[in-house]
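Right, one structure below, let's go through it.
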Amino acid sequence: MIHGTNLPEASKRRLRAGIIGGGEGAFIGSVHRIAAELDGQAQVVAGAMSSDPAKAQRSADAWFLERSYGSFREMAEEEARRQDGIDFVIVATPNHMHYPVAKAFLEAGIHVVCDKPMTFTLEESEKLVELVESKHLVFALTHNYTGYPAVRQARAMVQRGLVGSVRKVLVEYNQDWLMEPLEKQGHKQAMWRTDPAKAGASNCVGDIGTHGENLLEFITGIKIKSLCADFTSFVEGRVLEDDANILLRLENGGKGTLVCSQIACGEENNLNIRVYGSKGGLEWHQQEPNTLIFKPAGKPWERMRVGLDYMSDEAKLSTRTPSGHPEGYLEAFANVYRRAINDIRRVKGGLPMEGGYPTVYDGLRGLQFVVKTVESAKAGAVWVDL
């Protein structure tokens, strides 16, 4: 965090946040609000929480927001003019609205925290990268699994060479919530996620597969070089895939698999990753987030627990409670916000960004991954370069 006596105005107060989307019936909006406010560094004060003005007002009233707007464009213009305008905006809309919303606020000089995937198309992602670079504003992407202390520990151990050369990575993200055609039953989240006009070219990979891609590259520091993807829509009448199986080739010569499914009966939010190197292996399960398993060659497995002294400094910085107290999804989400908020303060104070959270470049990488998996699947599960 910024220290010193001659602090910029924004470092002497709680930052003001706004939110687009996330109104009645939405899950992710409340998650963003809780995460943004968890450390007391920011407060959501304004929003355009629905394209329906009445619904937007009800949603804002339920959150006790100071200001409610009928459209995101009106909000961007007004908040940029206000002396007490927002410092950053949260983009919590369906995928097809991410780019126009982010663009409007960046052009207004307002920092952005955006849900993933970053944009609807790859072209939009490329344009957003150019805009963020030209504006020198903070753009954080909420790949929240990078905020878990055990994930930070895994990354640190790979960087320190404790697993050796990475040879194989296995990632799986299985759910069962789309086993039935909920989109035909009025289920809001299912309706837009399975609609190509709102979700984009992919459902399952765009929604949860990108988390697997991001987690793999975040922990290992190695890019995916090429892939071979097989898509299936198991639910009759569903246009976009609800299941994907992907073979991976890594830039260092390693291999991997990424499996994601939303029709895996009995699964809740089963995200797992295993990294196998020449000296050891790592294993992490999102549903048991405080534990990281280390498998050194020729030695007993080590069960590492978040909050204990032997964890890395990187893991400790992401830990809020003493060992044995569960930390999970919301805290990991808040860790992304904490780092982004610190950079917003730094930029306002004329200081360089410190990073440590997913950015616009991770968003571009995610869209590249989605585009290439769709390309591979449509061609009959052929190998394509990423």
Single match in V101, V129, V91 (criterion: under 20 Å from the mean Cα position of the chain (by Cα), touching a residue at least 12 places away in the same chain (Cβ under 8 Å), assigned to a strand (DSSP E or B) and surrounded by 16 or more Cβ atoms within 10 Å (Cβ to Cβ))
V91
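Under the condition of being aromatic (F, W, Y) and not in a loop (DSSP other than H, G, I, E, B), which residue from region 330-385 is surrounded by the most Cβ atoms within 10 Å (Cβ to Cβ)?
Of everything passing the filter in region 330-385, Y337 is surrounded by the most Cβ atoms within 10 Å (Cβ to Cβ).
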So which residues in region 255-279 are over 22 Å from the mean Cα position of the chain (by Cα) and among the hydroxyl-bearing types (S, T, Y)?
Y276, S278
Test G355 against the criterion of being on the phi > 0 side of the Ramachandran plot and of a type outside the set (S, T, Y), and give yes or no.
yes
Residue that is in the same structural domain as S312 (by TED's automatic domain parsing), in contact with a Pro (Cβ under 8 Å, 6 or more places away or on another chain) and closer than 29 Å to G22 by Cβ, where the choices are K198, K188
K198
Per-region count, region 179-200, residues assigned to a helix (DSSP H, G or I), more than 19 Å from F231 (Cβ to Cβ) and over 23 Å from the mean Cα position of the chain (by Cα)
2
(1) at pLDDT 95 or above; (2) of a type outside the set (S, T, N, Q); (3) under 24 Å from G40 (Cα atoms); (4) not assigned by TED's automatic domain parsing to the domain that holds S226 all hold for V360 apart from (3)
I need every pair where a residue in region 1-26 that is more than 19 Å from A102 (Cα to Cα) has its Cβ under 7 Å from the Cβ of a residue that is part of a loop (DSSP other than H, G, I, E, B) and modelled with pLDDT under 85, sequence separation at least 6 or different chains.
S11/I2
Please specify each residue of region 212-235 satisfying the condition of being surrounded by fewer than 24 Cβ atoms within 10 Å (Cβ to Cβ) and either within 21 Å of D176 (Cβ to Cβ) or not assigned by TED's automatic domain parsing to the domain that holds K372 (or both).
D230, F231, T232, S233, F234, V235
Determine whether Y310 is of a type in the set (S, T, Y) and more than 19 Å from V166 (Cβ to Cβ).
yes
Residue match in region 115-122 (condition: among the basic types (K, R) and surrounded by fewer than 21 Cβ atoms within 10 Å (Cβ to Cβ)):
no
Contact list, first residue from region 333-354 and polar (S, T, N, Q), second anywhere and assigned to a helix (DSSP H, G or I), beta-carbon distance below 7 Å, six or more apart or interchain, is N335/G147
Condition first: closer than 18 Å to R152 by Cβ and either touching a Cys at 6+ places or on another chain (Cβ under 8 Å) or not basic (K, R) (or both). Now tell me which residues in region 330-348 satisfy that.
L330, E331, A332, F333, A334, N335, V336, Y337, A340, I341, N342, D343
Of the residues in region 142-178, how many are within 20 Å of the chain's Cα centre (by Cα), under 30 Å from G237 (Cβ atoms) and aliphatic (A, V, I, L, M)?
1
Which numbered condition M311 fails, given (1) modelled with pLDDT under 95; (2) assigned to a loop (DSSP other than H, G, I, E, B); (3) of a type outside the set (F, W, Y); (4) more than 18 Å from R33 (Cα to Cα):
(1)
Out of all the residues in region 365-381, is one or more closer than 30 Å to S233 by Cα and in contact with a Cys (Cβ under 7 Å, 6 or more places away or on another chain)?
yes
Out of C260, C265, which single residue is surrounded by 23 or more Cβ atoms within 10 Å (Cβ to Cβ), under 30 Å from G25 (Cβ atoms), in the same structural domain as P296 (by TED's automatic domain parsing) and touching a residue at least 24 places away in the same chain (Cβ under 8 Å)?
C260
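Of all the residues that make up region 201-211, how many are more than 13 Å from the chain's Cα centre (by Cα) and surrounded by fewer than 24 Cβ atoms within 10 Å (Cβ to Cβ)?
Adding up the residues that qualify gives 1.
The values are calculated or read from the model by the stated rules, or taken from the named source; none is laboratory data. These numbers were taken from a predicted model, which means no experiment stands behind them. Here the Cβ is made from the backbone with ideal geometry for all residues, glycine too, and neighbour counts use every protein chain on show.
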